[in-house]
Structures are given as C-alpha cells and as structure tokens.
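For reference, the structure is listed below as structure tokens.
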Amino acid sequence: MAPNVVPMDYTKDPDVKLPMQLIINMPELKENPFKERIVESFSEDGEGSLSFNDFVDMFSVLSEMAPRELKAIYAFKIYDFNTDNFICKSDLEKTLNKLTREELTAEEITLVCEKVIEEADMDGDGKLGFADFENMISKAPDFLSTFASVPDCCTSYLPVSPKLKTFLHTKFLGTTVNIRLCIL
C-alpha cells in the first residue's frame, strides 16, 4: 500500500499513521460514498489518519464476522456527521445526499428526513440518539450483512422499517432516483 510510510525500525518511531488519502483509495472503500466518514470514525485523532490499530479495528468492524452491536456503534458514529452523539436532521440530509449522489431535491430530502425522525425518534426530541438508532436497525434484518467492507457502495445504508420503506417506495415510485432502503 505505502511501504515508504512504514519504518523498518519501529523503536525509533512507533507511532506510524497512514494518511486518509491512502486509505480511501483502497479498493474496499474507493467507491463508498461514506469513505471519508468511515475513516474519520475509526481515527483516534478524528482527522482521518489511522494507526495500525485503527486500521485493523476498521476492517474488523467492516468484516462480516463483526458482532451486530459493534457494527451499530460505528454505523452511528459514521452517520453522526457533526459528532454531537445524535443523528439530527442535518446528519440525515448529508447521509441521503451521499446515498443518492445528490439526485433528490431539497424538498424530497426534507420529506424523507422528517419521516425517518418521525418514525425512529422514540423520545420525541427531534433527533436520534443511539437507543433510537439501535431500535431502528433492529427493524432492518439486512443491516448486519450490508454493513460490510465491499466495494460496490453497499456498506452504507440507512436502515428503515417496512412502514417507512412502503412510504418511500410509494413516494418515489416511477422516478429515476435509486434510494437504497436498506441503507446500512
């Protein structure tokens, strides 16, 4: 990947970090619309440079063998763009824009975000805490298999319930927009 970045003798500089640009160009992440957020979420410094341990952690969580609970924790971190420990409307807007490659209108994005929050916000505070998110993904049986390291963008999905899936399908039926409804 970048042999010149790794020193031959770790005793002099044991704190080697791979820059984000190298990592996001790996085949496993290259096509993922969340590649930067994924790397930032696993980076100790939050800037995207990964230590060896960060790198191993990232691919462990993205593997098919990782426990659902661990995948949920990191999926939540990835969607929490503003890092306030909640998924708010602006986080959902960014998520949908990345997923649809900005093919939806502002009105459509707002409608989908409002429906997701309306359905998933159990405590009525207008945003999704981790408990709300966990409840939402419990309704998405494909979550575990789709939150894996694969190159065709399937790693990034927003889990939705059958009720919301029906609403979205009805609302966007006949359009050219391809919303991945299993979204994580």
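The values are calculated or read from the model by the stated rules, or taken from the named source; none is laboratory data. Because the structure is predicted, anything quoted here is derived from the model rather than measured. No Cβ is skipped: glycine too gets one built from the backbone with ideal geometry, and neighbour counts run over all protein chains shown. Surface areas here come from the heavy atoms of the whole protein model, side chains and all, with no ligands, DNA or RNA. Shrake-Rupley method; radii C 1.70, N 1.55, O 1.52, S 1.80 Å.
Give the long-range amide H neighbours of S51: residues separated by 5 or more places, or on another chain, with amide H under 5 Å away, using H modelled in the peptide plane at 1.01 Å from N.
Sorted by chain and number, the residues that satisfy this are L18, E44.
Would you mind computing, in nm to one decimal, how far apart the modelled labels at R101 and I73 are, each placed 7 Å from Cα along Cα→Cβ?
3.4 nm
Would you check the accessible area of F130, probe 1.4 Å, heavy atoms only, in square angstrom rounded to 10?
60 Å²
Compute the length gained on full extension between D45 and M122: take 0.36 nm times their separation in residues and subtract their Cα-Cα distance, giving the result in nm to one decimal.
Value of the extension gain: 24.5 nm.
At a probe radius of 1.4 Å, what is the per-residue accessible area of L50, in Å² to the nearest 10?
Surface open to solvent at L50 totals about 0 Å².
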